[in-house]
Amino acid sequence: MKKTLSLLLVFALMLTLGVVGFAADEQTLNGAADGRNGPIEVEVVMVGDEIVSVTVVSQSETDGIGSVAITEIPAAIVDEQSILLDAVSGATVTSEGILAAVAAALKSGGYDPADFEVAAEASEEAETDVLYDVDVVVVGAGGAGMTAAITAADAGRTVLLLESQGIVGGNSARSTGGMNAAPTEWQQANEFGESAGVESTLKKVENFPDNKRIQELGEIVAKQWEEYQANPEGYFDSSELFQLDTLLGGGGLNDPSLVNRLVENSPDAIAWLGELDPQIVLHNVAAFGGASVKRIHRPVDENGKTLSVGAYVVPLLKENLDKRGNIELLTNTTATRILMDNGAAVGVVAETAKGATVTVNAKAVVITTGGFGANNDMIASLRPELDGFITTNSPGIQGQGIVMAQAVGADTVDMEQIQLHPTVHVQGSDAVLITEGLRGDGAILVNQEGERFFDEVSTRDKVSNAEFAQTGGYAWLIVDSRMSDASNVIQGYINKGYAETGETYEELAKAIGAPADAFAATMEKWNACVEAKEDADFGRVSFANPLDQAPYYAIKVQPGIHHTMGGIKINEDAQVIDTEGNVIAGLFAAGEVTGGVHGNNRLGGNAVADFTIFGRIAGTSAADYAK
Ligand code: MEZ
């Protein structure tokens, strides 16, 4: 004890004399504030009035979205000695959470946060206009844009990639489920138990007597199914069944040639992602709405638990983008106009966040700006009944690319086809997508009366309409702990506070305010349906496991805008088509900015397929054109 005391005295003397290696008035402060997914905790080191360092010590923000703010905002605070900074666009909630946590830390150390609310010097600096000359300019750095840029760069072209937001990823970064592909070797790892799904699809063909392609595919699949049943080896799926599901799901409105292109390229697209980056492994195959069989390919962690596909793939695409010396990425730069010469696209004009003009001369232009699901005015002008609806879309999804393409004569298709996703959870001011994967893996939907009301794995349009008809227009999505133990995605929802919970059915019913008897009866009846593999009430044909492992969870969900199926008209080579039906030379488009692939309703898992497959096609076509 005596020895400890004397050591402390020596240490205090050294501090006074400035002998030790840190300044005497250095202090470490801690603060916390809410981010998008939960609390953000920071550690702030101050020396006198100087912010020496800011470290985020704890957070649960989304990879590829919030993670960008977590890297950029602390460094900017130190550089600018300010907490009055612009948020990283696209990651506003996380940015503001970090700034608020730093303010709280400063306050705890006796500082007045207002003293650090100084206008950042750098942001006052004017930017100068700039001119680029490249082979290919890609507008929009979501999944399709990054894929197109990488493909064109790998074909030897110089590429400039423009992104209106502060982060890349767009809606792709928010996608959760996975990517449809068929037939693949990874489907073969599953035991086939989806006969009822195939039978039910073949029956639906009768509903489209005038759709030549649906009839044609129906005949082919019926024959394939007959042959398989005679010799049931391996897992049953085919390119034709995948096309049939996509066309039936889209109400037959899809362009069959685009569907064919999507499907035929799907197995190779999964392989391509794995070749691009061996870390991209999408080999866990599951059932999703509107698919006759298990077809969505998902990532899992080292323990086999499912992960969100967007948060998994987007950072890896970005990493691969950064590795290429012939791609330059400009964020916070919004393209406003396509440059034309003699009927051909020859570049774009864009504007930086600080108002400077970026002029890009390019041999080919690729538009990949995504749809318009975050642009309420555009939505309301096409579908007045959706005015003010909640949306799962990223804020940058404003339809800019569609407007720019129309200005140079591009045609559009199916613009009024706007998809509502039936399981969107409202948390504060956020509308959060609760993946369809939960229903594919066995979850059910009950209404406020504690009763099932529809086939949960039907297509999104139908499930959404059924929800609207329930009390309050919402439903409760029910999972058990067997499901949550197998999924990082579900555990994330629980950790973020989206779920009510109960140790028994009755307890969960109480937590959600539903009648306990009715809810418990619904659960027992559902578990019996799973055992019998038959749902006499609603005709569901995919079952997974009974929901009988406590604790049980319920997430409140309602329909929200998720995908805009309409957009720029393209052909199979991702060339943009004008209102006269001709190709616009030098102009290409891919991903949600285009229309025609999904008809009046996109199937879950077809967006990631769309951005990868048509992103690659657009990148290849643009690179060829720009030779
Ligand atoms: O493709 C989608 O939109 C998708 C798979 C969404 C989801 O529910 O996870």
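The values are calculated or read from the model by the stated rules, or taken from the named source; none is laboratory data. Bear in mind the structure is a predicted one, so any value in this text is a computation, not a measurement. In this analysis, Cβ positions are derived from the backbone assuming ideal geometry, glycine residues included, and neighbour counts consider all displayed protein chains. Ligands, DNA and RNA are stripped out before the accessible areas are found, and what is left, the full protein with its side chains, is counted by its heavy atoms. Shrake-Rupley method; radii C 1.70, N 1.55, O 1.52, S 1.80 Å.
Here the 3J(HN,Hα) profile of region 355-360, calculated from phi with Karplus coefficients 6.51, -1.76 and 1.60 at θ = phi - 60°, is x, 6, 9, 10, 9, 10 Hz, Gly and Pro shown as x.
With both bridge residues required to lie in the chain, what share of the DSSP beta bridges run antiparallel, to the nearest 5%? If you can, show how the numbers build up before the last one.
Numbers: 64 of 89 bridges.
Just about 70 percent of them are antiparallel.
In units of the compact-protein estimate 2.2 N^0.38 Å, region 571-625 shows a Cα radius of gyration of 1.15. Accessible surface for region 262-317, divided over its residues, is 33 Å² per residue with a 1.4 Å probe.
List, in the order given, every pair from LYS496/LYS556; LYS107/LYS496; LYS204/LYS569; LYS294/LYS533 whose Cα-Cα distance in the structure shown is over 18 Å. It would help to have the intermediate numbers written out before the result.
Values: LYS496/LYS556 13 Å; LYS107/LYS496 27 Å; LYS204/LYS569 28 Å; LYS294/LYS533 16 Å.
Violating the 18 Å Cα-Cα cut-off are LYS107/LYS496; LYS204/LYS569.
Taking the helices alone, the chain has a mean residue ellipticity at 222 nm of -11000 deg cm²/dmol, built from -39,500 (n - 2.57) per DSSP H run of at least 4 residues and averaged over all its residues.
When the alpha carbon gyration tensor of region 483-598 is reduced to an equivalent ellipsoid, its three semi-axes come out at 45, 18, 13 angstrom, largest first.
Quick one: net charge around ALA103, please, counting Lys, Arg +1 and Asp, Glu -1 for every other residue with C-beta under 12 Å from its C-beta.
Numbers: positive: LYS107; negative: GLU96, ASP112, ASP115, GLU117.
In short, -3.
What relative contact order, as a whole-number percentage, does region 195-332 give when Cα pairs under 8 Å and 6 or more residues apart are counted? Kindly include the intermediate steps, with their values, before the conclusion.
Values: 115 pairs, mean separation 24.6, N = 138.
It comes to 18 percent, rounded to a whole number.
For GLN419, nonlocal amide neighbours, meaning residues 5 or more places apart or on other chains whose placed amide H falls under 5 Å from its own, are HIS562, HIS563, THR564, MET565.
Stokes-Einstein, applied to the Kirkwood radius of region 122-210 over Cα pairs at a viscosity of 1.567 mPa s and 4 °C, places its translational diffusion at 72 µm² s⁻¹. Rolling a 1.4 Å probe over the protein heavy atoms gives region 48-94 an accessible area of 44 Å² per residue. No solvent, one uniform scatterer per C-alpha: report log10 I(q)/I(0) for region 148-297 via the Debye equation at q = 0.09, 0.13 1/Å, two decimals. Results for region 148-297 at q = 0.09, 0.13 Å⁻¹ read -0.35, -0.69. Excluding ILE555 itself, calculate the net charge of residues whose Cβ lies under 15 Å from the Cβ of ILE555, where each Lys or Arg counts +1 and each Asp or Glu counts -1. Around ILE555, the surrounding residues sum to -4. Over region 25-145, Cα pairs under 8 Å with separation of 6+ residues give a relative contact order of 26 percent. Scoring 268-277, 617-626 by mean Cβ neighbours within 10 Å over their residues and listing the highest first yields 617-626, 268-277.
Looking at the calculated P(r) for the chain, what percent of the C-alpha pair distances fall above 37 Å? Kindly include the intermediate steps, with their values, before the conclusion.
Details: 77777 of 196251 pairs.
Value for the chain (Cα pairs over 37 Å): 40 percent.
Overall, the accessible surface of the chain at a probe of 1.4 angstrom is composed of carbon and sulfur to the extent of 49 percent. Summing charges over neighbours of ASN488, with a neighbour being any other residue whose Cβ is under 14 Å away from its Cβ, gives -2 when K and R count +1 and D and E count -1.
THR92 sits with roughly 50 Å² accessible to a 1.4 Å probe, with DNA, RNA and ligands left out of the calculation. Assuming charge only on the beta carbon of Lys and Arg (+1) and of Asp and Glu (-1), the dipole of the chain about its Cα centre is about 440 debye to the nearest 20.
Note on HIS425: accessible area approximately 10 square angstrom, rounded to 10, probe 1.4 Å, nucleic acids and ligands left out. Accessible area per residue for region 397-447 is 26 Å², calculated with a 1.4 Å probe on protein heavy atoms, without ligands, DNA or RNA.
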